[in-house]
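The values are calculated or read from the model by the stated rules, or taken from the named source; none is laboratory data. This one's a predicted model, so the numbers in the text were calculated from it and none came from an experiment. Quick reminder, even Gly has a Cβ in these numbers, built from the backbone with ideal geometry, and neighbours come from all protein chains shown.
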Amino acid sequence: QKFAAGELDARLPVSDIPELNRLSVSFNRMAASLEGVEQRRRELVSDLSHELRTPLTVVRGYLEELADGELEPSQEVYQRMVRETKRLERLVNDLQELSKAEAGYLPINLQPINLRPLLESLVEKFADQILEDGPDLRLESPVGLPLVLADIDRTEQILVNLIGNAVRYTPTGAITIRVWFESGKLWIAVSDTGIGIASSDLPHVFERFFRGDRSRTRYSGGTGIGLAISRCLVELQGGQIFVESQLGKGSTFQFFLPLA
Ligand code: ADP
């Protein structure tokens with residue numbers, strides 16, 4: 001009753017009766033999980049307000065100064081405003097994608113596809129973005145891959161998220177995309193030698209709005225939505241995604257898709 005009335009930290013006591021005790025343990029586990037959701041929902045509202053406010057303030061500032069004639073219209077000013085509006089757009093798009101994916105409204109067009117050309121073009125695209133002293137980006141995949149039953153655009157979205165994160169969180173070393181297949185599944189692993197994830201953070205990385213080091217990732221422009229979307233997209237295609245990581249050593253995100 002207390003819990004239902006909003007006391008989310010209320011828990012059931014230990015009982016001497018084993019059956020009741022098992023029930024308490026289950027109930028308490030559920031209660032802790034709901035309490036966590038509520039906590040993250042609150043953080044979300046405050047994070048979102050912050051994320052939305054910053055670009056809006058910048059754009060409004062420029063517009064007011066331009067309107068008052070205090071600021072000369074220049075290419076740079078307009079470019080800055082474009083950058084800020086793009087940030088807003090990305091955030092809103094991410095949120096929309098996530099809510100659609102979670103509600104199961106995202107159309108998924110499953111077809112037999114060969115992922116090799118997609119992987120090659122992504123590696124090329126990301127390699128162009130990495131600075132000269134940045135990590136090496138490698139693809140380790142058999143040339144002839146069996147077809148998977150998947151949606152090519154959604155699979156690209158997953159890979160862009162995973163490789164994008166690896167690039168963002170790996171200052172030097174290597175990022176390796178490894179592909180293999182076994183018993184009806186095609187596995188893709190994105191491994192990096194980057195900053196890694198603390199073991200206490202690891203169970204939460206796929207939760208929406210989870211960001212490792214809040215200030216650092218805010219600075220790096222992350223929204224904490226990418227992995228939540230990725231997990232949804234993998235599962236909508238009948239796969240599963242996993243993570244392993246060691247702080248200071250690197251991370252591996254791997255998922256499978258069913259073979260066609
Ligand atoms: P973000 O947009 O913040 O990167 P994600 O959902 O993609 O959101 O990732 C959630 C968090 O997981 C990140 O803020 C970061 O702390 C951690 N993370 C994800 N990928 C990596 C990686 N390859 N190396 C280290 N940390 C990572």
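Look through Gln75, Gln79, Gln1, Gln39 and report the one residue that is surrounded by fewer than 14 Cβ atoms within 10 Å (Cβ to Cβ) and within 17 Å of Phe209 (Cα to Cα).
Just one listed residue meets the conditions, Gln39.
Hey, among the residues in the stretch 197-215 that are under 24 Å from Leu233 (Cβ atoms) and more than 6 Å from the ligand (Cβ to nearest atom), which one's modelled with the lowest pLDDT? Give the steps one after another, and end with the answer.
The first filter runs over the stretch 197-215 and keeps only residues under 24 Å from Leu233 (Cβ atoms), leaving 197, 201-212.
So of that shortlist, the ones also more than 6 Å from the ligand (Cβ to nearest atom) come out as 201-204, 206-209.
Numbers: Asp201: 92, Leu202: 94, Pro203: 92, His204: 90, Phe206: 93, Glu207: 86, Arg208: 76, Phe209: 72.
Residue satisfying both the conditions and the ranking: Phe209.
Touching a Pro at 6+ places or on another chain (Cβ under 6 Å), at pLDDT below 85 and either β-branched (Val, Ile, Thr) or surrounded by 12 or more Cβ atoms within 10 Å (Cβ to Cβ) (or both) - does that describe any residue in the stretch 98-112?
No - not one qualifying residue is present in the stretch 98-112.
When Thr223 is evaluated against the numbered criteria (1) modelled with pLDDT under 95; (2) surrounded by 15 or more Cβ atoms within 10 Å (Cβ to Cβ); (3) outside any loop (DSSP other than H, G, I, E, B); (4) within 9 Å of the ligand (Cβ to nearest atom), which criterion, by number, is the only one it fails?
(3)
When you go through Arg138, Arg154 one by one, which is the residue that is in contact (Cβ under 8 Å) with a residue 40 or more places away in the chain and either exposed (fewer than 15 other Cβ atoms within 10 Å of the Cβ) or part of a helix (DSSP H, G or I) (or both)?
Only one candidate qualifies: Arg154.
With the checklist (1) in contact (Cβ under 8 Å) with a residue 24 or more places away in the chain; (2) on the phi < 0 side of the Ramachandran plot; (3) more than 9 Å from the ligand (Cβ to nearest atom) in hand, flag the one item Glu182 doesn't pass.
The one condition Glu182 does not meet is (1).
Is there any pair with a first residue in the stretch 33-49 that is over 18 Å from Asp201 (Cβ atoms) and of a type in the set (A, V, I, L, M) and a second that is in a helix (DSSP H, G or I) and modelled with pLDDT of 80 or more whose Cβ atoms are under 9 Å apart and which are 6 or more apart or on different chains, and what are they?
Leu48/Leu91; Leu48/Leu95
Against the definition (of a type in the set (Gly, Ala, Ser) and over 22 Å from Thr223 (Cα atoms)), how does Gly104 come out, yes or no?
No.
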